[in-house]
Amino acid sequence: MPSPSPPLRRFVLLRLLRWGLLVGALYDLGFAVLMVAAPGIPAKVFHLPLPGEPFYLWLCAVLLAGLALMYLLAAHDPHRYSGNIAVAILARGLGFVALGWAAYGRPELAGLWTVALADLGFAAVHAASYLPLRE
């Protein structure tokens, strides 16, 4: 099967990038809302303990909401906010490493692997759709 023409390939990659960023933003916003409004839900779904003080979750929620807004800017105009995309790839990759490191060898934190793999998946989709566009 012949490869798609360069303009078509570019269009498909840009579309995948924008959708990946939008889904990443919604994912982060969803977690941010749950961390504040119903922290027991993600704790139960992923079998994770809640921190003793709620402000830890509130701080994480604020940071996730900020990250989601950064994603939305990049999804709206990937050329103008290309630096945000590079940061998103790096942050998701580091999220995978940090969560994997925390879960490694700790069965009580095995639920973190799901979130870590989601971060790795987002990093891979963003990188696979963004890096070829830079050529």
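Read-outs throughout are calculated quantities, based only on the coordinates presented, and are distinct from any laboratory measurement. Quick caveat: nothing in here was measured; it's all calculated off a predicted structure. Here Cβ is always computed from backbone atoms with ideal geometry, including for glycine, and neighbour counts include all displayed protein chains.
Summary table below
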quantity: Residue satisfying all of: in region 57-99; among the aromatic types (Phe, Trp, Tyr) and assigned to a helix (DSSP H, G or I); surrounded by the fewest Cβ atoms within 10 Å (Cβ to Cβ) among these; calculated: Trp58
quantity: Tyr71, sole failed condition from (1) in contact with a Leu (Cβ under 9 Å, 6 or more places away or on another chain); (2) of a type outside the set (Gly, Ala, Ser); (3) without any contact (Cβ under 8 Å) to a residue 60 or more places away in the chain; (4) over 25 Å from Tyr130 (Cα atoms); calculated: (4)
quantity: Residues of region 20-56 classified as touching a residue at least 24 places away in the same chain (Cβ under 8 Å), of a type in the set (Phe, Trp, Tyr) and either farther than 21 Å from Gly111 by Cβ or not in a helix (DSSP H, G or I) (or both), total; calculated: 1
quantity: Residue ID - farthest from the chain's Cα centre (by Cα), chosen from residues in region 100-135 that are crowded, with 16+ Cβ neighbours inside 10 Å, closer than 22 Å to Lys44 by Cα and not hydrophobic (A, V, I, L, M, F, W, C); calculated: Gly111
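Here's the yes/no breakdown for (1) farther than 19 Å from Ala74 by Cα; (2) in contact with a Gly (Cβ under 9 Å, 6 or more places away or on another chain):
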| site | (1), (2) |
| --- | --- |
| Ile89 | no, no |
| Gly93 | no, no |
| Trp101 | yes, no |
| Arg106 | yes, no |
| Gly111 | yes, no |
| Ala123 | no, yes |
| Leu131 | no, no |
| Glu135 | no, no |
